[in-house]
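Single-structure report; data block below.
The values are calculated or read from the model by the stated rules, or taken from the named source; none is laboratory data. The shown structure was predicted, so the numbers you read here are calculated from the model rather than taken from an experiment. We place every Cβ from the backbone using ideal geometry, glycine too, and count neighbours over all the protein chains shown.
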Amino acid sequence: MSNDPKISEKRYPAKTPRSIVENGEAHFGTFDAPFENLNLLDCKKPCFIGLPAFMKRARLTEWEAFEVNMDEGSLISAVYNVGPIGFSIFVWYEKAEKKIYAWRNLVPVKRAHVAKQLISDNCYCKTKKSEYSIVNDFLNGKAQCKGYTKGKSGEFGIDISFERLSPLANGVMPLKKNKDGTFRNPLYSEKDFFKATGTITVNGKTYKTNERSVGIIDDHKGFYPWYAHYDWLTTMGKTVIDGEEKFFAFNLTRNQSADQYNYNENVIWLEGKSFPMPPVVFTHKDGKKKTDEWYVRDEEGKGIVDITFKIEKVFYMPIPGIVYYALPYGKIYGYVTDPDGKKYVVDGMVGIGEDKTTRV
């Protein structure tokens, strides 16, 4: 553990309780292993004071995302449960062409299963034109994704296995603070960095993994407020560290955590190591949504995080007046610094982001 005052002690992993909620109250903090029981629906008054119990399920947003970065392209795929709707999504960015191929498969919420936990439960979503499955085996540091889909972008297939490279990043954050200083609206997020092995096929062209291919799983469950927003940026791959190419990734997010210093999900991953990061702020060039650059800095301006994200292509999935969702792909430049003061330069690495606002 570092003595760096910019990193809260609560950002270093504690022993994981068996259940995320006990006696009606969520455990907030950073944890060292997957939860056996992600029982957020057992929260008392998880969203708004006086919220009827029958509305808890409708207010819970869940997804598990399976993200892959290869030399030729980057993939974001996921199974979602949002209110009455479930869906699977595949978004492939072909780097040489700078072209996005995307597929989304909507189903009633009961037909899109998001895993109840990552130890032994799995994700799946099936329609007439698609099938998606994530097999979770996180106690052994493994996962696998298989699936296919058809649509306006053509045909897509995936068969990728993951093996963990770094310690997990598992946290529970409060999105609201009560008048008495206690917290509510828990948001759980576990993110893991993996070596990827297998194939992705787009319109008959098969892309094979190599020694540089990696992936991230993002498991996510939370009670978002009626108006919600977050910005997110990740990178994954290899970069030069101490004169040698090594596996490296980070996750940087600015969400509505009611206490950013103690509860955030910012992390650096190295092979066999991970480091917590301080709160960050996102700035979009000229303050516009549809912009070609983002800037990410540490909240206190201490030069710990200094990232420029140069966007090459954006996938949009908006619902006018309800959801604004942008998924940009591109490259990042700059550096991040671990709690011991070591700087990691990330110039030219892949950048994948999200800019999401909901009014639901």
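Restricting attention to segment 256-271 and to residues that are crowded, with 23+ Cβ neighbours inside 10 Å and part of a strand (DSSP E or B), the residue that is nearest to the chain's Cα centre (by Cα) turns out to be Val267. Hey, could you check segment 109-140 for residues that are assigned to a helix (DSSP H, G or I) and hydrophobic (A, V, I, L, M, F, W, C) and say which is farthest from Thr199 (Cα to Cα)? Among those that are assigned to a helix (DSSP H, G or I) and hydrophobic (A, V, I, L, M, F, W, C), it is Val109. So, in segment 229-248, exactly how many residues are without any contact (Cβ under 8 Å) to a residue 12 or more places away in the chain and on the phi > 0 side of the Ramachandran plot? The number of residues fulfilling the criteria is 2.
Results for (1) part of a strand (DSSP E or B); (2) modelled with pLDDT under 90, shown as yes or no for each residue.
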site: Lys45; (1), (2): no, yes
site: Gly50; (1), (2): no, yes
site: Ala58; (1), (2): no, yes
site: Ala65; (1), (2): yes, no
site: Val68; (1), (2): yes, no
site: Asp71; (1), (2): no, no
site: Ser74; (1), (2): yes, no
site: Ala78; (1), (2): yes, no
site: Trp92; (1), (2): yes, no
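From the list Thr253, Thr291, the one residue that fits, being within 21 Å of Ser74 (Cα to Cα), among the β-branched types (Val, Ile, Thr) and assigned to a loop (DSSP other than H, G, I, E, B), is Thr291. Apart from one condition, Arg111 fits all of (1) out of contact with any Asp or Glu (no Cβ under 7 Å at 6 or more places or on another chain); (2) within 30 Å of Phe247 (Cβ to Cβ); the exception is (2).
The set of residues in segment 196-228 that are among the acidic types (Asp, Glu) and touching a residue at least 12 places away in the same chain (Cβ under 8 Å) comprises Asp218, Asp219.
In summary, Asp286 fulfils each of the numbered conditions (1) free of Cβ contacts under 8 Å to residues at least 12 places away in the same chain; (2) in a strand (DSSP E or B); (3) not aromatic (Phe, Trp, Tyr) with the single exception of condition (2). All conditions in (1) more than 18 Å from Asn39 (Cα to Cα); (2) surrounded by fewer than 16 Cβ atoms within 10 Å (Cβ to Cβ); (3) not aromatic (Phe, Trp, Tyr) hold for Thr127, with the sole exception of (2).
Cβ separations smaller than 8 Å between residues 6+ apart or across chains give the following pairs from segment 102-116 residues that are in contact (Cβ under 8 Å) with a residue 60 or more places away in the chain to residues that are charged (D, E, K, R) and part of a loop (DSSP other than H, G, I, E, B): Ala115/Asp121.
Of the residues that sit in segment 59-102 and are in contact with a helix residue (DSSP H, G or I) (Cβ under 9 Å, 6 or more places away or on another chain) and of a type in the set (A, V, I, L, M), which one is surrounded by the most Cβ atoms within 10 Å (Cβ to Cβ)? Here the answer is Leu60. Scanning segment 216-239 for residues that are within 18 Å of Glu271 (Cα to Cα), touching a Lys or Arg at 6+ places or on another chain (Cβ under 8 Å) and either buried (at least 23 other Cβ atoms within 10 Å of the Cβ) or among the hydroxyl-bearing types (Ser, Thr, Tyr) (or both) returns Ile216, Ile217, Thr239. Residues being modelled with pLDDT under 95 and either closer than 30 Å to Asn203 by Cβ or among the β-branched types (Val, Ile, Thr) (or both) are entirely absent from segment 148-166.
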